[in-house]
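K.L.:
Take this structure, written in structure tokens, and hold onto it; I'll ask about it next.
The values are calculated or read from the model by the stated rules, or taken from the named source; none is laboratory data. The model shown is predicted, which means the values in this text are computed figures rather than measured ones. So basically every Cβ, Gly included, is an ideal-geometry build from the backbone, and we count neighbours across all protein chains shown.
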């Protein structure tokens with residue numbers, strides 16, 4: 001498949017491209033999503049779907065095939081252009097959107113943005129516990145403006161109690177050369193340990209979030 005070279009397109013046009021997969025699994029009212037998945041922000045859809053499956057949460061994903069790399073800004077990913085996304089957002093009380101980014105000097109920074117800051121602190125607490133070798137940044141002022149995820153049209157902020165977006169650097173997704181030098185790790189047969197720890201932290205955060213009251217548990 002040839003890489004798409006057309007200029008900016010709409011979300012509905014992206015969904016109509018050959019090989020693009022859109023999926024939704026409705027479970028609990030806590031949701032994970034990754035609408036820049038597949039060949040665009042690699043492994044984000046797998047991380048979100050695995051965390052959702054492990055915690056019994058709902059999942060929405062858009063996966064682009066090899067040869068396609070179309071970035072639709074989050075604020076342009078509209079439920080008005082996707083019945084599946086609309087169904088997911090109406091079903092969930094809160095949502096965690098998983099993204100990937102790459103910035104020089106931020107190889108170990110997990111950026112936790114979005115409008116629901118109680119949820120941001122709750123998820124950050126679990127990530128720090130499960131994957132302590134990374135910096136989990138939930139202070140919006142310490143996150144680059146374009147990565148804060150606070151736009152009101154961002155799907156992460158559209159559920160009834162809002163949500164958050166987490167920007168993951170390549171290292172924690174197992175996408176840097178260090179993966180091949182990791183002691184005792186065989187990338188042909190196993191997942192990179194940091195990916196497994198990340199999924200565990202996300203799932204634990206979803207499991208322990210009291211969705212009925214929308215308030216974080218004491219101590220988290």
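K.L.:
Under 20 Å from residue 201 (Cβ atoms) and surrounded by fewer than 22 Cβ atoms within 10 Å (Cβ to Cβ): does that describe residue 69?
P.N.:
no
K.L.:
Is it the case that residue 87 is surrounded by fewer than 16 Cβ atoms within 10 Å (Cβ to Cβ) and touching a strand residue (DSSP E or B) at 6+ places or on another chain (Cβ under 9 Å)?
P.N.:
Yes, satisfied.
K.L.:
Here's another thing I want to ask about it. Of all the residues that make up region 100-118, how many are under 12 Å from residue 155 (Cα atoms) and touching a strand residue (DSSP E or B) at 6+ places or on another chain (Cβ under 7 Å)?
P.N.:
1
K.L.:
Could you grab me the full set of residues in region 119-144 that are within 13 Å of residue 209 (Cβ to Cβ) and touching a strand residue (DSSP E or B) at 6+ places or on another chain (Cβ under 6 Å)?
P.N.:
119, 120, 124
K.L.:
Between 82, 78, which is surrounded by fewer than 18 Cβ atoms within 10 Å (Cβ to Cβ), in contact (Cβ under 8 Å) with a residue 60 or more places away in the chain and closer than 18 Å to residue 152 by Cα?
P.N.:
78
K.L.:
A follow-up question, please. Considering only region 183-192, I want to know if a residue exists there that is touching a helix residue (DSSP H, G or I) at 6+ places or on another chain (Cβ under 7 Å), modelled with pLDDT of 95 or more and surrounded by 15 or more Cβ atoms within 10 Å (Cβ to Cβ).
P.N.:
no
K.L.:
I'd like the full set of residues that are in contact (Cβ under 8 Å) with a residue 40 or more places away in the chain and farther than 21 Å from residue 39 by Cα, limited to region 91-110.
P.N.:
91, 92, 93, 94, 95, 106, 108, 109
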